[in-house]
Each structure stands twice: as C-alpha cells, then as structure tokens.
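Here the structure is laid out as structure tokens; the discussion comes afterwards.
Laboratory data are not the source of any read-out in this text; all were calculated from the coordinates shown. Remember, it's a predicted structure, so these values are computed and weren't measured experimentally.
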Amino acid sequence: MSIEQPVVFVIDDDASAREGLEDLLQSVGLSVMSFGSAQEFFESQRPDAPGCIVLDVRLPGTSGLEFQNVLIEADIGLPVIFITGHGDIPMSVMAMKSGAIDFLTKPIRESSLLDAVNAGIQRDRARRQEVKLASELQQRYQLLTPREREVFTLIVSGRPNKQIATEIELDESTVKVHRSKIIKKMMATSIVDLARMADRLGVHAAISARSKPKD
C-alpha cells in the first residue's frame with residue numbers, strides 16, 4: 001500500500017549525530033527512519049512513500065559514494081543528501097554528478113538541511129508520479145490490438161485517415177473506428193496528447209507501412 005506521508009532515511013554510523021538529525025526532522029513533522037550502516041538500510045522494510053536519504057559520506061564498510069552507486073544500480077530512486085565532517089571538493093563534485101541533491105559539511109546549518117530535504121522529497125514525488133504515469137500508459141497500451149497498435153503509430157506520425165487506409169489496405173471508415181477506439185482506450189484528449197503518450201511509451205511514429213497484422 002502506498003503511503004503519501006514522506007519519510008527521510010538517515011544513514012550515519014554516529015549514534016549522537018543520527019539522534020540530532022532525527023530530532024530536527026521530526027520537529028518539522030517529518031517521519032524518520034535511521035540506520036547505522038548501508039547494510040541496515042538494505043535489510044530494512046521500507047515504506048512505499050516519497051522521501052529522500054540523508055547520508056554520511058564516511059560509513060563503515062560501504063562508503064557513502066559507493067552506497068550511492070549501489071542505489072543507482074538497484075534502481076532505488078530516492079534522492080540523496082550527503083553530509084560530511086570533512087570538506088572534500090572532488091568528492092562533492094562526484095556526488096553531485098551522480099545526482100545528489102546537496103553535499104553539506106558538518107556542523108550543518110539546520111535551514112540548509114531542511115531546504116535540501118524538502119527539495120529531495122519534491123523531486124521524489126515528481127519521480128514517483130512519472131513512474132506511475134508510465135505504468136498506467138503501458139497498461140492502456142496493452143489493451144490495444146495488434147492492428148490498433150499499427151494504426152496508433154501511423155496516427156502519431158501525422159497521417160490522415162485516408163492515407164492510413166491506403167497504406168494498410170483498409171476502408172477509411174474502418175480506420176476511423178480504429179482511431180476512435182485507440183483514443184478511448186488510451187484516454188487521450190487529442191491527437192497531440194496521443195503523440196505525447198507515444199513519446200513516453202517509446203512508440204515511434206511509423207515511417208512506412210509494416211506487415212499487416214490481423215484485425
């Protein structure tokens with residue numbers, strides 16, 4: 001079940017630092033889950049909720065930067081905010097290039113951390129919405145018959161009904177029926193909307209007529 005209350009995951013091997021971060025984040029109404037290592041994070045049962053990770057760069061075992069790479073490889077899209085007691089410009093540049101929200105040096109200004117956490121949560125909300133939309137579009141696309149999918153690619157290429165009918169050897173009236181069904185199944189508001197959906201789905205506009213599937 002999806003939980004919309006955001007969660008901030010704090011990963012720091014310093015217990016007192018974790019407690020301080022928890023207190024600050026909870027003071028502004030955020031839910032917090034904290035861990036002493038990257039392994040603890042991966043072994044935990046995490047809620048399906050928007051959020052971000054506040055991550056100490058220097059962790060026992062897997063370092064913060066290595067952990068960031070593992071997240072990417074595991075397709076865990078939670079945004080990362082790095083914290084460190086040792087300013088390291090090359091390290092911060094590497095972290096930001098890998099998609100980190102921010103790289104904060106201890107002692108951390110409360111306002112800077114809260115701003116970064118809010119930015120991370122908003123980014124994750126947007127990512128989750130994009131994933132949800134992509135999934136819904138794929139489900140709608142799966143409802144199309146092979147013939148409708150062929151007509152779909154021709155429609156989004158800008159071909160009029162008459163030309164589509166000629167290319168795939170159908171009556172123009174049949175093409176109109178297919179077009180109507182496609183728009184209804186895809187829940188599109190216009191051909192432009194349908195073209196945007198095709199782009200999101202990675203369905204490329206047809207360049208020429210293909211082999212004819214069965215209706």
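Quick notes on this structure:
- Normalised by the number of residues in the chain, the mean separation of alpha-carbon contacts (under 8 Å, six or more apart) gives a relative contact order of 15 percent.
- Within a straight-line Cα-Cα reach of under 15 Å, residue 185 can be paired with the following aspartates and glutamates, leaving aside sequence neighbours fewer than 8 residues apart in one chain: 136, 148, 150, 193.
- Contact order relative to length of the stretch 7-135, as percent, for alpha carbon pairs under 8 angstrom and 6 or more apart: 23 percent
- Largest-first principal axis extents of the Cα set of the chain (Å): 74, 34, 30
- Cα centroid separation, the stretch 1-79 to the stretch 83-117: 15 Å.
- Three-way shape call for the stretch 7-135 based on the alpha-carbon gyration tensor, with the a/c threshold at 1.5: rounded
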